[in-house]
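Take a look at the structure below.
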Amino acid sequence: MSERSRRAAGAAALLAALALPLAAQQSWRTMTSARQVAGERRIAVDVQYGAGRLRVEPERGNLLYRMEMRYDESAAQPVTSYDRAAGRLRLGLDNRKGRRGQENRRGEGRATIALAPAVPMALNLSFGAGDAEVKLGGLALESLTLSTGASETRVSFDQPNRTQARALKLEAGAANLVVTRLGNARAQRIDFEGGVGETTLDFGGAWTRDAQATVNMGLGAVTLRLPRALGVRIRKDSFLASFDSNGMVKRGDAWYSRGYERAARKLDIQIDAAIGSIDVEWID
């Protein structure tokens, strides 16, 4: 065997040896977990998913929840914990040894979680990195806390909430976050806190009550999509953030939408921003 052949064979053997530990570290599993509704009047739901692809949606059958997941068993384990007496449900994925998992970087880890639409719930949803599609329209949300990290996250209320929500709290780190048809959430209060990234807050939908909102932003861009029929008042406290009022009228220390006094429903927004931009868009 020539010297070149020996070197090539040695390199191939080394690559094979390096590949074995990586293959051993990954152990793909799929699982499905579900539970039927059994007279629950109210429930607190905690969903935590570290990274990958996450989808949350209303359940179409008579189930309290349904979770389908693909995960790397060497890096994480599924969580399905239900305390019926306390009315608490925990779903998601726990990372082992603080590892993110190879499937997360490759986008191969994924989970679909469906929740009962007719059971009133307080939903706490925490998502780390990756891609999330969260469809909350048609649920009976009494409150929502949503926290997302370095991700592409889309949240929609394409149907009206089945009950009135006390509060919606949205937190985004280094994320691109789009929330649509917030009026359908029927929330008394909507709070957004952002770090670095781009956020769109669409306040379309069927408004049935007046509401208050706060927008606290560090370094990033926020677009507010506002219905023309809604009476909107904006107050802001900003450092270097630019504000495009786009057709609003300033009176005193606030900006008002045209026809604010005549509007059947009103939304008051308080903005605190450091560096970035705030843009207003009008929708019909």
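Tabulated values for the structure
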| read-out | value |
| --- | --- |
| Using alpha-carbon coordinates, inclination of helix 3-25 to the longest axis of the chain, degrees | 50 degrees |
| Two-site label geometry, R189 and E133: point separation in nm, points 7 Å out along Cα→Cβ | 3.3 nm |
| Protection-proxy order for peptides 273-282, 136-145, 219-228, 28-37, each taking the mean of Cβ atoms within 10 Å per residue, highest first | 136-145, 219-228, 273-282, 28-37 |
| Computed E for R55/R235 - FRET, C-beta separation, R0 41 angstrom, nearest 0.05 | 0.65 |
| Residues S126, S156 arranged by fewest to most Cβ contacts within 10 Å | S126, S156 |
| Percentage relative contact order, the chain, counting C-alpha pairs under 8 Å, at least six apart | 13 percent |
| Whole-number percent relative contact order across segment 136-284, with pairs defined as alpha carbons under 8 Å at least 6 apart | 20 percent |
| Surface/4 estimate of mean projected area, convex hull on alpha-carbon atoms of segment 136-284, nm² | 7.7 nm² |
| Aspartates and glutamates with Cα under 16 Å of K250, excluding same-chain neighbours fewer than 8 positions away | D237, E261, D268, D279 |
| For segment 172-248 versus segment 143-166, the gap between their alpha-carbon centres in whole angstrom | 13 Å |
| Calculated Rg and Dmax of the chain using C-alpha coordinates, Å | 23.2, 91 |
| Rounded to 5, percent antiparallel among DSSP beta bridges of the chain | 20 percent |
| Low-density loop positions, trypsin sites (Lys or Arg not before Pro), segment 50-97 - DSSP coil, at most 13 other Cβ in 10 Å | R60, R84, R96, K97 |
| Distant-in-sequence amide H partners of T163 (H built 1.01 Å from N, under 5 Å) | L141 |
| Spin-label model distance (nm) - W28 vs E73, 7 Å beyond Cα toward Cβ | 1.4 nm |
| Contour minus Cα-Cα distance for T80 and R228 (0.36 nm per residue) | 48.9 nm |
| Calculated FRET efficiency for the pair L219/R90, C-beta based, R₀ 25 Å, to 0.05 | 0.15 |
| D284-T163 FRET efficiency (beta carbon distance; Förster radius 30 Å; 0.05 resolution) | 0.65 |
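Each value in this text was obtained by applying a stated rule to the coordinates, not by laboratory testing. Fair warning: this is a prediction, and the values are worked out from it, not measured in the lab. Neighbour counts run over all protein chains shown; Cβ positions are idealised from the backbone, glycine included.
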